[in-house]
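Following: one structure in structure tokens, then a few remarks.
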Amino acid sequence: MAKSTQAPSTDRGSVIYKALWHAIIEQALRPGTKLPEDAIGEKFGASRTIVRAALGRLAAEGLVELRRNRGAAVATPSWNEARDIFDVRLGLERLVVARLAGGLTRDQIKSLKSHVDAEQQARGTNEPLSIRLATAFHIKLAEMTGNPVLARYVSEVASRCGLILALYSRPHSSECAVSEHRAIIAALASGDCGRATSLMDQHLDAVADRALIVAHPPKERDIKDILSPYAAEISSARRPLRPRA
């Protein structure tokens, strides 16, 4: 009997989730973009049920809106809630700083510095990747606290901030983010909680200040074309599945 190498549905759903998350954070899928289940399923070779589960996961994180009789779309935060979201993020990331200051291991510091090096490499050459890495830096810090609840909330709020910036912001300044991230790492490594908190506050205030009430008109593109590079990226990053016995 032939051995199956087909990915389990849960694994396929995870691939779709990651690809959509990357595309949303990198602003390839902008706020308001429709997310048709059939087109996404066709792109990933998955059923609508699996796609629906991935969309539901993104909706729980505030990145997707599930609209009755109109299907799913990338969430469109209102300007009125933007400041509230940034305020919540500020409070959460202060908790992250308090947990990490003076407590980072050498390996964690090395990992953070390597991440910022990747940000530096992307600066000026790959703007979408630069945006995603800037967001991932904060999620990485939160994960290093060892508190899964805090990490989840930071991930959700940081991602929603990305939607706000996609709608209302000036162009992303990756150079600013890189230097600010390096300074935060140095303060955390030295154990200076006060300085690390101050730097984080200034950094997030600068991010919020880039948010202006300027709508960016969407560019119409086929969603399968948009997702093609993300599907390839996620697939290449996964280890080959072993055939079932």
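The values are calculated or read from the model by the stated rules, or taken from the named source; none is laboratory data. Remember, predicted model here, so these are calculated numbers, not experimental data. FYI the Cβ positions are ideal-geometry reconstructions off the backbone, even for glycines, and counts take in every protein chain you see. Each accessible area value is taken on the protein alone, full model and side chains, heavy atoms only, with ligands, DNA and RNA left out. Shrake-Rupley method; radii C 1.70, N 1.55, O 1.52, S 1.80 Å.
Taking a probe of 1.4 Å, how large is the accessible area per residue of region 1-129, in Å²?
Details: 7030 Å² over 129 residues.
It amounts to 54 Å² per residue over region 1-129.
Among the protein heavy atoms of region 1-116, carbon and sulfur supply 49% of the accessible surface, probe 1.4 Å, non-protein parts ignored.
Determine the sum of side-chain charges near Arg52: Lys and Arg each +1, Asp and Glu each -1, restricted to other residues whose C-beta is under 12 angstrom from that of Arg52.
Working: positive: Arg48, Arg57; negative: Glu37, Asp38.
With Lys, Arg at +1 and Asp, Glu at -1, the net is 0.
Take the Cα of Ser198, step 7 Å toward its Cβ, do the same at Asp87, and the gap between the two points is 2.5 nm.
I'd like the projected area of region 1-153, averaged over all directions, using the convex hull of its alpha carbons. Report it in nm² with one decimal. Please report the intermediate quantities before stating the final value.
On the way: hull surface 51.2 nm².
Averaging across all directions leaves 12.8 nm² for the Cα convex hull.
Just check region 11-73 against the gyration tensor rule for me: Cα atoms, a ≥ b ≥ c as the square roots of the eigenvalues, rounded for a/c under 1.5, and otherwise prolate or oblate depending on whether a/b exceeds b/c. It is rounded, given that a/c, with a ≥ b ≥ c, falls under 1.5. Along the axis of the charge dipole computed for region 1-106 (Cβ charges of +1 for Lys and Arg, -1 for Asp and Glu, origin at the Cα centre), the listed residues Phe86, Thr105, Ser47 are led at the positive end by Ser47.
Among the protein heavy atoms, those of Val97 account for about 0 Å² of accessible surface (1.4 Å probe, every chain in place).
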